1. What stretch of the chain, leaving out the sites themselves, is the longest with no trypsin sites (Lys or Arg not before Pro) in a DSSP loop having at most 12 other Cβ atoms within 10 Å?
2. What share of all Cα pairs of the chain, in percent, falls into each consecutive 5 Å distance bin?
3. With label points built 7 Å along Cα→Cβ from the Cα atoms of residue 16 and residue 62, find their separation and express it in nm.
4. Using 1/(1 + (r/R0)^6) with R0 = 25 angstrom and r between the beta carbons of residue 100 and residue 76, what's the FRET efficiency to the nearest 0.05?
5. Determine the dipole magnitude for the chain: charges of +1 sit on the beta-carbon of Lys and Arg, -1 on that of Asp and Glu, nothing else is charged, the reference point is the Cα centre, and the result goes in debye to the nearest 20.
6. On a 0 to 90 degree scale, rounded to 10, what angle separates helix 2-104 from the longest Cα axis of the chain?
7. So for the chain, taking the charge dipole from beta-carbon charges (+1 Lys/Arg, -1 Asp/Glu), which of 8, 75, 18 sits furthest toward the positive end?
Amino acid sequence: MSNTVAMIIVVVAVILVIAVVAVLLMRTRGQERRTREAAELRTQAAAQSTEVERAQGEAAARAAAADQAREEAESAQARATEAERELLQTDAQREDALREADRLDPSVDHRDEAYEPEDVSPPRQRP
């Protein structure tokens, strides 16, 4: 019987050794697989870095174009404002001249409350 017990102990020990070796092999293979996956992810990230750099360049170029367009629009707005100011000034001068002409003309009652200077501007041409 002691031979049988010794045999059982040896078989159990061999099975335990085989189980431990199998677990170690599976763990090593799992680590190798995760290492490969990590390397693949790093490769993909590196490829995306190039795309990110390209997108950053494109975004910077578009921002610069928008800044330039904004500056041009502000300049155009300033020119339009100046043109409007000049128009108002010219119109005021024209009205002053009309009022002066009406003041000098004895046939015009420029002191009447309903007085409006006569518009002598030529008819506007349509484009």
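1. Details: sites that count: 111, 124.
Answer - 1-110.
2. 2, 7, 6, 7, 6, 6, 5, 4, 5, 4, 4, 4, 4, 4, 3, 3, 3, 3, 3, 3, 3, 2, 2, 2, 2, 2, 1, 1, 1, 0, 0
3. 6.7
4. Numbers: r = 36 Å, r/R0 = 1.44.
Step by step, r from the Cβ atoms, then E = 0.10.
5. Details: 17 positive and 25 negative charges, 547 e Å.
Here the size comes out at about 2620 debye.
6. 0
7. Comparing the listed Cα positions along the dipole, 8 ranks first.
Each reported figure results from applying straightforward, stated rules to the coordinates on display, with no laboratory input. Not measured: the values here are computed from a predicted model. Neighbour counts run over all protein chains shown; Cβ positions are idealised from the backbone, glycine included.
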